[in-house]
Every structure is written in structure tokens, then in C-alpha cells.
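Worksheet: the structure to be examined is printed underneath.
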């Protein structure tokens, strides 16, 4: 029973404990609710009740409570004034002049700075108090007053000093007349600066004292309010690093100074007086700088809107108006500066209003609304003062004084800035939201790691890539997915390497799959921020692309890139113990298969041909396709004889059996060239030499040509390569030289010495190499432009040197290849070379072939025009060979045409060629173009050409190519003719030529 009881007591204690805990929890919740409600109440009172009460009480006080600074008893005083009296007038003289002046209550100086004399009578207005006369003009500079013209002045004052009964008062001066019992007449002289309006007010001394206190209070309110606002904006600008707010702070200071000028308190700054001699300069600077600040603030605040609405010219007018105002402030005296200020201010007001209206209409910008309100207040107050100053009228509104205008306009501008800040903040929040959304939805895995490799943050794509479960409270480490070594590598790259990109492999997953990832990471604030991209498929694709980059997709053998790589490796490993060779194969009649049966049949032939070749090659021998029907075979560890034997088997295998394509069978043969590789060979040179051997085999129908080391073909090729290397290096090859073939004028053979420059080359034995071989090699290796440049440069230099000895030379022909003329870099170099030889360009006649000219007619036309501008001439070479139409000649301003020698050489034997030459000559004459006949080799041809009216002839009949020295020694092109009978014939032809009409012009 005791155990049971004990148990009952324990149960009772547990029940009581639970009740206590429940009561404590309930009380805690009640206290929390009371605290929350009190917080809400205090917040509502602070945000709504207190501001509303302040506004309500302020309105009641303003409406029903009289101001502490209310004044009564200010009495305007009428006076007589003269502002055009001579400077020599003294008080008695001025007294006499003023007797005829009418009584007025206001007198305008009209910007004059001459002394103003005025006289007035003062009635007693103070009762038992002293009577004080206020001169309220803020433009007053000096003041002196006399009770009688014959007595000393009772007081004098200027902006820096006062004496006697005159003292400073508000923006102007005041004179204390003491206790008056009867009216007193005073004579005064004052000087003024700016748009001054003289007026007088009689006060009882206590009332004026109240008015002065109100003035200083307003000034203090103005300075304190705007300086505090400016300081707040400046601090905000520094914290937020916003230059716009710095500009706004400066504009607020300008607004303060402008309001102080309107109030008449701009003669001091921070309770310190500004020297009187600085007043005019400070005021001019204030207006000019305020204009510049307002322009800058306006254009910066509405930069986007101004671009949107256009009207750029208006903004430029505003800008230049500011320049005019600043120049006027520097150069003009204050009296002349004021009209410029009024004009610029009026123009600026109109333009800004137009721009603001346009902005409001198009953008509905709340920033523009607040700024418009600010500008409206400033402009209204300023306009009121300008009207009052310019037309001697009262201000439009006394309620909107300088202080309220400055404060309210600054407040409105601050609201405009605040609205822009709100919009910028809103834009930043939207950008952050977009960034967060982009972070969450981007397909690239984004992550943040701490310095221990623990994932701090990751987007959905990262979780999907790595299979990270969305489990709260669990941590996941980098090395769980990529291993510890990869973590160390990532940390090192992120911290120390400029290249923060890394390719890594994942650890095997449960299904055994390993993925490849691209990681980009940076180390910032103790964390690694990075991205993870799954590039597994891309890596597979890259492997496939690498295969395709070095293999021909059609045949499966290496492509040019792949076989050149194999060739380069073979040359690098070449030695006496490991010889190597190269074969170049070309399928014969393959183009016929494509043309007759289509490319599908041709592709199948290529595949079968490659299969046949691969079946006969060992692992040390590789084949590659370099062109449509061209192949290269690299033989490693093979002598030239062994390579030639294999090449013979390849040629036989290709031609041995017909190619069966469907129901058709094709017979295809091949030609091959085999060369022995040497250690000093370059890959392109080796391929070029093998290609040359293959072309020789095809041309000679031998099927196979072999070049062993030391063969003559190698020596010739070596000479060509040396020439090309020298040109590549910018050197002048000593094997190149120039010859010149005379061109004789038919009209007067003995009067001119014209010629064509020809390129020549000597081999190592001193024999002349045909120019066609030089040009062919250069065109194959892409160095023909260098050769053309060498020829042209040396020709021009030679002409420069011997210009005085070439008095009978009318033109010198130089041939340029088509490949050079289609090279923009070469053309630029040529024009630069011609410009450097201005003295010789006039003799130069550049020959271009008809085929090249027609290849790109627009480009050719531009080239011809540029040559003409530099003073040179153009001739069409090989004219008539392969043309389809003469219509282009009317659009191409060439100077001469050189008739293709194939027509000229055989014209005597073939009437058709004679007719063609006759047509070309007639066409040239009709177009005003000179004609030149090449390959003239016999007298009959020369006589026929004379009858046709050809202008010039060139060929072995006249002269073979000559040395430059022989050209300089000759008197004319006819000087080279040694045959007396030919000389006699030339004389007869010359007379006959001159008797024929239209044959007396030359190429000048």
C-alpha cells in the first residue's frame, strides 16, 4: 500500500508540474502579445499621429496666431530725386536742382552707377519714440545726408564702414533722427550698383528693430535650412558614392546665395562680411555659377529622358547660353552684366519649360513632376523680381518671398532627388530579384564553398548535376563528389592562379558513370564562388571533332592536317638508320567520273581507292587525302627504293580492276611522284616537291616519277625555295635581275625609246632560268606579290637614277600578276611605293591581264583610277585571249591594250587571226586607246600591222630583251634594228603611217 501511495503522490506531483509549465507558457504568450501591440501602437503614433498633429497645429498657428515679428507703422516717404546731375555738384548746388524735381515714392537708377541726389521731408512718426528713416535698397553702395546744405553731413556710410547718424539696416541703410516734434528736411546723396530702386520708409525705432530681427531671422532660417540640407545631401553622396548628389549639394548652396541676393543678405557669408569691392564680382559669379549648376543638375537628372525626347539643339542652346553668361561675368561690369543675365535667364526659362513639358508628356516621370514644382517656384520668384527690376514695378507676389521660395524650391528638388533614389533603389531590387531568379533557374550549377570545402549555397542545377538531396540541416562537401585531390587543386587555382578554369572528373556514381565538368571559380571574402558545367557530352563531341579534324569523313583516311602531322613526325625522326619517303598520288580521269555519273559515284570510287591503298600499306605507312582526288603517302623506315616499289603497287592496285558502282564499272588510273625525305626539308616544301614529281609523271605518262636525294629537280626546287625565303625575309636575291625589251612606235620609230621590264633569274651555274618557272613557284608558295614588289621597286629606282638619260622614253611597262592585284596588302604597298617615286611614276605603265581585269571589274576600276591619280598609266595585257565581250572597255579607262601574241604571231598565215587583230585595232582607235602588238617576229607581220594602224610593236624582229645598260646607250627603239632591209621597210612604213588619217597620236 505504501508503494501504491507513493506512486499516487508521484502522479500528483507530475500533474502539478505540468499545470505550472502550462500557466507559465500562457503568461509568456500574453506578455508577448501585449508587447507586440504596444510596438504597433507606438509605430502608428510615430508614423501617422505625430506628423498629422504637427501639420494641424502648424496650420492653426499660422492662421490664427499673430507673428512675433509683425510690424506696424511703416510710412512710405515721398522725395525729390535727380540722378543725372554732374559729378561736380556739391550740396548747395544739388539743393537748387532738386527744387524743380517732382515728388515720387520710388526712383529707378536704370542700372546707372552715377550719384543720385534726393531730398525729403520727414514727419514725426514715432510719437514718444525716435524716428528712423530706412533706405531699404540692397543695391545701395554709399550714402551721405545733410540737414542743411551748408552744414556738415550728419552721417556717412558705405558697405564697409558707417559714421554719424547713419547705420546698417537689413539690406540697406537707416538714419536715426531722434525724437521729432516737427517735420525735418534732409538732403542725401547715394550711389547704387545694379537694378536699384530708391525708396524711403519712416519707422518708429521699436518697429524698425522688430523688422530687423525678422530680417535676420529669415536670413538665419535660409542659411540654416539650406546648409543643413546641403550637408545632409553631401554626406549621402559620400556614403553612396553618387556624384549626382554632390552636384545637388552644390546647387543647394547656389540656391542659398541666390535667395540671399534677393533678400539683400548676400553681402555676408557665414556671419562674415564680404568686402564691398568684391560685391559686384561675387554677385556676377553667383549668377553665372548658379546657371551652370542648374544646367548640370537638369541634364544629369534627366539624362535618359533628354535622349528619349530628342531636341538636342535646345540643350546645346542652354549650354552655350551658360558659356555666354560666364564670359559676360568675367568681361562686363556689373551694370552691363545685368541685361545679359536677364536675357539668358529668360531664354533658359523658356527652354527648360519646353523640355520639362515634353518629358512629362512622353515619360510621365514623377521626378520631372517634383523638379517642375521646384523650378516653378524658383522661376516665379525670379520672374517676379526680374519684372519688378526691369519695369520698375512691384513684385507679383509678396507671399512668395526669397526665403520661402528658396526653401520650398530646395524641398521640391530634394523630393525629385529622393524620387530618383527611390526609382534607383527599386531598380536595384528588381535587378537583385532577376539575379536571384536567374541564379535559381540557370542550367549551369552555381555554388559557394567555404574554405573547408563545404557547400554553403547552391542552385537547383547544381543539386541535379551532383544528385545532392534537398535535406535541411545536412552538410555536403566537395570531396564527397570529386575527391580530396580535386579539392586541393580547386583551392589552389581559385586562390593563386589567373586562370580560374579547370576541367575535372567526378567520382564514380552508384551506376558507375563518371562525368566530366568544367569549373570556374574565384576566391572572395574567404569563400569560393564558382560555377559547374557538365561537359561530358561536349568532351565526347570534342573527341569526335578532333578525329574529324585529322581524318577525312568520306574515306576514313587522314585529311591534309592529319597527314601533314604524320609527315612532320617522320621528318623529325629521320636519320640514316631510319630513312623516310613521301609519295604524292593523283587519280587520272576522276573528274570525268564526277561529270558523267555524279558526285555519289565519284565518292564511292574514292572510298574503294582508299580501301585498296590501305590494304597494301603497313602500319609504318600512312595515307591521307589532301584534295578532291589527290593523296599523300608517308613511308617511315623505308628507303626510296622500297617506297617507290610500294608506290608502284599502289598505282597498279588503283588501276588494276574496274570500280564497280551498282551496275556500272569505271576504270581509273593514277600517277604518282615519290621523293626521298631529308632532315632539312619543311613539310610544305616536301609536299610541293612530291606534287611536282607527280605532275611530271602525269605529263610524261610514266605513271611514276622518283626523285632521289641530289636529283636535278631537287636542286631546281631548292633554288626556287631560296628565292622565296629571301623574298619572305625582305632580302634582295642576287640571282634576280631585270632585262628590258624595246617597244617601237610605228609613227616615228626613231623618236622614242619605250620598253617593257622583264624579270630574269640565274641558277647556281649561271644559266638563265625561265621566268615562267619563277612565277609558277612564287604563285604556288604565295610569294608572287613579293616578286612583283621587287620588280616594281627596282624599276622605279632605276628610272629615278637615270631619268635624265631617258629623254625619249614615253612609257615603261611593268607586268603585275593577278594574285598580287587581288591582295589588298600588296595594293596598299604598291601605292605607297608609287607615292615615294613621284618623279618616275609619270613614265610607268602597269600591265594587267584581261582575265584579271574582268575578275572583279569594280575593284579593277578603283585600281585604274588610283593609278591615274598618281600619274601612271594602265595597259591590258594578252588582250583577246579568252574574252567574251568588249563591252567592259567603255567603263574601264585603260590607256593601251597589248594584243595577245598568239593572234599576232600567226596572223599572216591565218586570215581569221588577221581579222581579229584588225577588229581589236579598230576598236582601240574608236575608244581612243593605244594598241601594242606583241610577238612580232617577221617583216610580213610588221607590214600587215602597219596597214592595220597598230600604234606600237614589240618582238624579236625589233629587238630581243636588252640589259639596262644597252637601253641607256640606245637612241631609240629602232636603234636595235641591224637589218638594212628592215630599216628601209621601216622608213617606208613610217611615211605610209603618216599619210593614213588618225595615226599621229602616241601614248603620252
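The values are calculated or read from the model by the stated rules, or taken from the named source; none is laboratory data. Given the structure is predicted, the values throughout are model-derived calculations rather than measurements. Note: ideal-geometry Cβ built from the backbone for every residue, glycine included; neighbour counts use all protein chains shown.
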Among the listed residues 921, 936, identify the single one that is part of a loop (DSSP other than H, G, I, E, B) and touching a strand residue (DSSP E or B) at 6+ places or on another chain (Cβ under 7 Å).
936
(1) over 23 Å from residue 573 (Cβ atoms); (2) modelled with pLDDT of 90 or more all hold for residue 642 apart from (1)
Can you confirm whether residue 583 is in a strand (DSSP E or B), in the same structural domain as residue 681 (by TED's automatic domain parsing) and in contact with a helix residue (DSSP H, G or I) (Cβ under 6 Å, 6 or more places away or on another chain)?
yes
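Counting just the residues of the range 815-825 that are part of a helix (DSSP H, G or I) and over 28 Å from the mean Cα position of the chain (by Cα), which one comes out surrounded by the fewest Cβ atoms within 10 Å (Cβ to Cβ)?
As a first pass, look at the range 815-825 and keep what is part of a helix (DSSP H, G or I): 818-821, 824-825.
Filter once more, so that each one left must be over 28 Å from the mean Cα position of the chain (by Cα): 818-821.
On the way: 818: 15, 819: 17, 820: 23, 821: 23.
Going through the qualifying residues, I end up with 818.
Taking the condition assigned by TED's automatic domain parsing to the domain that holds residue 565, crowded, with 18+ Cβ neighbours inside 10 Å and touching a residue at least 40 places away in the same chain (Cβ under 8 Å), does residue 678 pass?
It is false that residue 678 is assigned by TED's automatic domain parsing to the domain that holds residue 565, crowded, with 18+ Cβ neighbours inside 10 Å and touching a residue at least 40 places away in the same chain (Cβ under 8 Å).
If the requirement is being under 30 Å from residue 196 (Cα atoms) and either in contact with a helix residue (DSSP H, G or I) (Cβ under 7 Å, 6 or more places away or on another chain) or modelled with pLDDT of 85 or more (or both), which of these qualifies: 273, 237, 335, 285?
Working: 273 fails: either in contact with a helix residue (DSSP H, G or I) (Cβ under 7 Å, 6 or more places away or on another chain) or modelled with pLDDT of 85 or more (or both); 237 fails: under 30 Å from residue 196 (Cα atoms); 335 fails: either in contact with a helix residue (DSSP H, G or I) (Cβ under 7 Å, 6 or more places away or on another chain) or modelled with pLDDT of 85 or more (or both).
After applying the criteria, what remains is 285.
Considering only residues that are surrounded by 14 or more Cβ atoms within 10 Å (Cβ to Cβ) and assigned to a helix (DSSP H, G or I), which ones fall in the range 963-977?
964, 966, 967, 968, 973, 974, 975, 976
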Conditions (1) surrounded by fewer than 18 Cβ atoms within 10 Å (Cβ to Cβ); (2) in contact with a helix residue (DSSP H, G or I) (Cβ under 8 Å, 6 or more places away or on another chain); number of the one not met by residue 770:
(2)
Would you point out which residue out of 916, 929 is touching a residue at least 24 places away in the same chain (Cβ under 8 Å) and farther than 21 Å from residue 747 by Cβ?
916
With 215, 173 as the choices, which residue is within 29 Å of residue 110 (Cα to Cα) and at pLDDT below 85?
215
Residue check, residue 202 within 21 Å of residue 118 (Cα to Cα) and modelled with pLDDT under 85
no
Check the range 115-124 and report whether any residue there is surrounded by 16 or more Cβ atoms within 10 Å (Cβ to Cβ), part of a loop (DSSP other than H, G, I, E, B), modelled with pLDDT under 85 and over 60 Å from the mean Cα position of the chain (by Cα).
yes
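The rows are residues; the columns are (1) out of contact with any strand residue (DSSP E or B) (no Cβ under 7 Å at 6 or more places or on another chain); (2) without any contact (Cβ under 8 Å) to a residue 12 or more places away in the chain; (3) farther than 24 Å from residue 217 by Cα.
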position	(1), (2), (3)
143	no, no, yes
149	no, no, yes
162	no, yes, no
166	no, no, no
170	yes, no, no
175	no, no, no
194	yes, no, yes
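Return the only residue of 549, 580, 615 being surrounded by fewer than 16 Cβ atoms within 10 Å (Cβ to Cβ) and modelled with pLDDT of 90 or more.
Only one candidate qualifies: 615.
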Determine if the range 294-309 includes at least one residue that is touching a helix residue (DSSP H, G or I) at 6+ places or on another chain (Cβ under 7 Å), assigned to a helix (DSSP H, G or I) and under 30 Å from residue 135 (Cβ atoms).
no
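Where in the range 159-267 are the strands (runs of 3 or more DSSP E), entirely inside, with at least 3 residues that are buried (at least 19 other Cβ atoms within 10 Å of the Cβ)?
Once the strands (runs of 3 or more DSSP E) in the range 159-267 are filtered for at least 3 residues that are buried (at least 19 other Cβ atoms within 10 Å of the Cβ), what remains is 172-178, 184-192, 200-204.
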Among the residues listed as 501, 529, the single one being touching a residue at least 24 places away in the same chain (Cβ under 8 Å) and within 25 Å of residue 439 (Cβ to Cβ)
529
Looking at the range 71-88, which of the residues that are modelled with pLDDT of 85 or more, in a loop (DSSP other than H, G, I, E, B) and in contact with a strand residue (DSSP E or B) (Cβ under 7 Å, 6 or more places away or on another chain) is nearest to residue 203 (Cα to Cα)?
78
Would you call residue 942 touching a helix residue (DSSP H, G or I) at 6+ places or on another chain (Cβ under 9 Å), in contact (Cβ under 8 Å) with a residue 24 or more places away in the chain and part of a helix (DSSP H, G or I)?
yes
